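Trainee: First, the structure itself, so that you have it in front of you.
Please treat every number below as a calculation from the coordinates, not as lab data. What you see is a predicted model, and the numbers here were worked out from it, not measured in a lab. Don't worry about glycine lacking a Cβ; one is built from the backbone with ideal geometry, like all the others, and counts go over all protein chains shown.
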Amino acid sequence: MSHHAHDQSKHHVGISLDRDHDHTSATARLHWRESDLVGVGVAEIDRDEADPKRTAEEQAVARALIHLTKQMYDGVAADIESVTGEPVSVR
């Protein structure tokens, strides 16, 4: 039996974008176990870029995913600390 055979659930990150004249914001949502995690990222639209809207979208999405990832790391650290009673840093 494969290591993943017992867990048939799949997790997906949903990303939404919102843009105004000067900024693009991205929101990344993930339902993980019993938690709903939300990461947010914002980027300024730099008109000097070759494709300013696309570049800002990519930056905003990357920042939202970093924010989401940090929350997951913080959750893992909290889980470990609850078992060991020692502060940890997870990277």
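Trainee: In whole percent, what relative contact order does the chain give with Cα contacts below 8 Å and a gap of six or more residues?
Mentor: Numbers: 133 pairs, mean separation 19.0, N = 91.
Computed value for the chain: 21 percent relative contact order.
Trainee: Hey, any idea what the orientation-averaged projected area of the convex hull of the chain's Cα atoms comes to, in nm²? Intermediate values should be presented prior to the final figure.
Mentor: Values: hull surface 34.2 nm².
Hull-based average projected area comes out at 8.6 nm².
Trainee: Moving to a separate point now. Going by average Cβ neighbours within 10 Å, how do the peptides 53-61, 20-28, 41-49 rank, with the highest at the top? Present the calculation step by step, with values, prior to reporting the outcome.
Mentor: Numbers: 53-61: 18.2, 20-28: 16.0, 41-49: 13.8.
Result, highest mean first: 53-61, 20-28, 41-49.
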